[in-house]
Amino acid sequence: MSDPLFPTNTGALGKHRRDLTPDATKAFEAFSQAVFADGALDTKTKQLIAVAVAHVTQCPYCIKGHTKAALRHKASEAEIMEAIWVAAEMRAGGAYAHSVLALDEMQKAADKD
């Protein structure tokens, strides 16, 4: 059996990362805690947004971690799946919206002929 594409994020790997860059790690963890704290949006909503963004960025670690966090903050499976569908629409929407660039180039080429 071959090595997985994305290794499991173990405690040992996390410790190694902290040992290599302790100040940056502490700053990132503090930033993350501040971002996901209740504010104008509650933590559950923020975690649902994170689940959607994780699917757009296609980060498997983020998908797993933020799905678990959303569940811990009482998000339902249906809410999580709807957030994923929003991500899918936005990702597809980007291609749809940017199609005007190709259409514009095709029109310019046709106008030259």
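The values are calculated or read from the model by the stated rules, or taken from the named source; none is laboratory data. From a predicted model like this one, the values you see are computed outputs, not experimental measurements. Counting neighbours? That spans all protein chains shown, and the Cβs are built from the backbone with ideal geometry, glycine included.
Points worth noting:
- Yes/no for ALA95 being over 27 Å from GLN47 (Cβ atoms), loosely packed, with under 10 Cβ neighbours inside 10 Å and either in contact with a helix residue (DSSP H, G or I) (Cβ under 7 Å, 6 or more places away or on another chain) or not charged (D, E, K, R) (or both): no
- Taking the criterion of being closer than 30 Å to ASN9 by Cβ and polar (S, T, N, Q), the residues of segment 54-113 that qualify are THR57, GLN58, THR67, SER76.
- Residues in segment 43-53 that are in contact (Cβ under 8 Å) with a residue 24 or more places away in the chain and not aliphatic (A, V, I, L, M) were compared, and the one that is nearest to THR8 (Cα to Cα) is GLN47.
- From the list ALA110, ALA78, the lone residue that is among the hydrophobic types (A, V, I, L, M, F, W, C) and under 21 Å from the mean Cα position of the chain (by Cα) is ALA78.
- Which listed residue is assigned to a helix (DSSP H, G or I), more than 24 Å from THR8 (Cβ to Cβ) and of a type in the set (D, E, K, R), from ASP23, ASP38: ASP23
- Qualifying residue in segment 18-31 (condition: under 23 Å from LEU71 (Cβ atoms) and modelled with pLDDT under 95): no
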